[in-house]
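A short write-up of the structure that comes next.
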Amino acid sequence: MTSCYTLTWFKEELAPRFAGFAVVYRSCGEGDFGTLERVEFESDALLGTLDFWSHDWLDVHVIDRVSVEERLNLFLGPDQETDKAQAIAALLGLL
């Protein structure tokens, strides 16, 4: 089963919710988890990354810039689709 969580999905579904954030897209070569597509986002309050790996891994990392606390740090594998949905919901809750 292929994950729906990809850079294309982010750009279509989530990017509009990042109004007020500086958003940067990066691509990296092949690694242990496949090819990496990264979204870096930053506002006065939050700083974070979403890593979409071609082998269906997802990494979500968010830091609260005001309190300098990690709010979310999850690295989820191909068999964790429910957890990925919960991670995205948690991310959106922080925005």
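Extending 7 Å from Cα along the Cβ direction at Leu72 and again at Cys28 yields two label points whose distance is 2.0 nm. Element breakdown for the chain at a 1.4 angstrom probe: carbon and sulfur atoms account for 50% of the accessible area. Taking label points 7 Å from Cα along the Cα-to-Cβ direction, Asp79 and Ala15 give a separation of 3.4 nm. For Leu95 and Ser43, the difference between the fully extended length at 0.36 nm per residue and the C-alpha to C-alpha distance is 17.7 nm. Viscosity 1.306 mPa s, temperature 10 °C: what is the translational diffusion coefficient of segment 7-94 from Stokes-Einstein with a Kirkwood Rh over Cα pairs, rounded to a whole number of µm²/s? Translational D for this selection: 119 µm²/s.
Using C-alpha pairs below 8 Å separated by at least 6 residues, the relative contact order for the chain is 19 percent. Against the main long axis of the alpha-carbon atoms of the chain, helix 81-94 sits at an angle near 20°.
The values are calculated or read from the model by the stated rules, or taken from the named source; none is laboratory data. All of these numbers come straight from a predicted model, not from anything done at the bench. Quick reminder, even Gly has a Cβ in these numbers, built from the backbone with ideal geometry, and neighbours come from all protein chains shown. The protein model used for the area step is the full one, side chains on, heavy atoms only, and it has no ligands, DNA or RNA in it. Shrake-Rupley method; radii C 1.70, N 1.55, O 1.52, S 1.80 Å.
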